[in-house]
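The values are calculated or read from the model by the stated rules, or taken from the named source; none is laboratory data. Everything numeric here is computed off the predicted structure, so don't read it as measured data. To get the accessible areas, we keep the full protein, side chains included, count just its heavy atoms, and leave off ligands, DNA and RNA. Shrake-Rupley method; radii C 1.70, N 1.55, O 1.52, S 1.80 Å.
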Amino acid sequence: TISYFKNVKLFTVIYILCGSGIVLGEILIPRRMGWVIDNIVPTGKILLLLKELFMLIFIIAMIFTFKYIYNILEQRITNKITKVQQLDLLTHLQNLGAYYYEKVPAGEILAMFENAVNQTQQTYTFLFPQFVYNFAQFFVPSVLLIIQQPLFFIAAMIGNIIYAFLNHFANNKIAAYLKAESEASQKSQQTLY
């Protein structure tokens with residue numbers, strides 16, 4: 001749960017900032033290269049071209065730096081949260097009392113403990129980084145659009161809201177039709193046998 005992040009607040013903030021930095025760098029490289037091709041290459045100014053080349057190298061170096069920090073923090077956050085959860089589970093198991101241990105086999109308790117820890121590790125190893133990266137992929141371009149093209153951003157957001165509503169409506173209709181078809185198929189099979 002989110003409460004586990006209270007012990008790693010600083011790491012989480014830096015982690016999110018690094019994710020945003022990676023996405024920003026990935027957006028800046030093609031934009032900068034396009035600008036160089038359109039504005040500097042036709043002029044033939046070698047010094048300006050070299051300056052832009054060094055700028056691109058700097059952006060790439062920053063992306064690699066952010067990725068390195070991002071990966072280290074991902075491991076630290078996952079390890080710290082898993083450790084806290086293990087301690088919480090052990091405390092909870094100690095407070096259950098002798099009656100519980102008489103009813104439930106030791107193997108079942110160990111399996112539940114192991115499953116809970118594994119699920120947490122999977123959540124914070126796969127889902128959390130994916131969420132942070134997807135959030136950065138939405139947030140960073142949105143900020144750039146608001147600064148550069150606010151009207152386009154508003155139009156894109158309205159389009160996305162309409163799409164999400166229509167998609168949800170269509171999915172509900174499809175699910176209802178599939179359910180009705182499945183029920184009809186089951187009834188027809190029952191009549192056959």
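General observations
- Listed by chain and number, the lysines placed with their C-alpha closer than 21 angstrom to that of Lys9 are Lys67, Lys80, Lys83; residues fewer than eight positions away on the same chain are left out.
- Gaussian network model of the chain, Cα within-10 Å springs - most flexible of Leu28, Leu56, Leu47: Leu47
- With protein chains left intact and a 1.4 Å probe, residues in the chain average 74 Å² of accessible area per residue.
- Separation of alpha-carbon centers, the range 19-92 and the range 145-174, rounded to whole Å: 28 Å
- Axial C-alpha extent at least 27 Å, average Kyte-Doolittle at least 1.0 - helices from the chain (DSSP): 9-39, 128-148
- Accessible carbon and sulfur surface of the chain relative to its total accessible area, %, 1.4 Å: 68 percent
- For Ile57, solvent-accessible area (1.4 Å; no DNA, RNA or ligand), Å²: 90 Å²
- Just checking the listed ones, Lys51, Lys173, Lys83: in the Gaussian network model of the chain with Cα springs under 10 Å, the one fluctuating most is Lys173.
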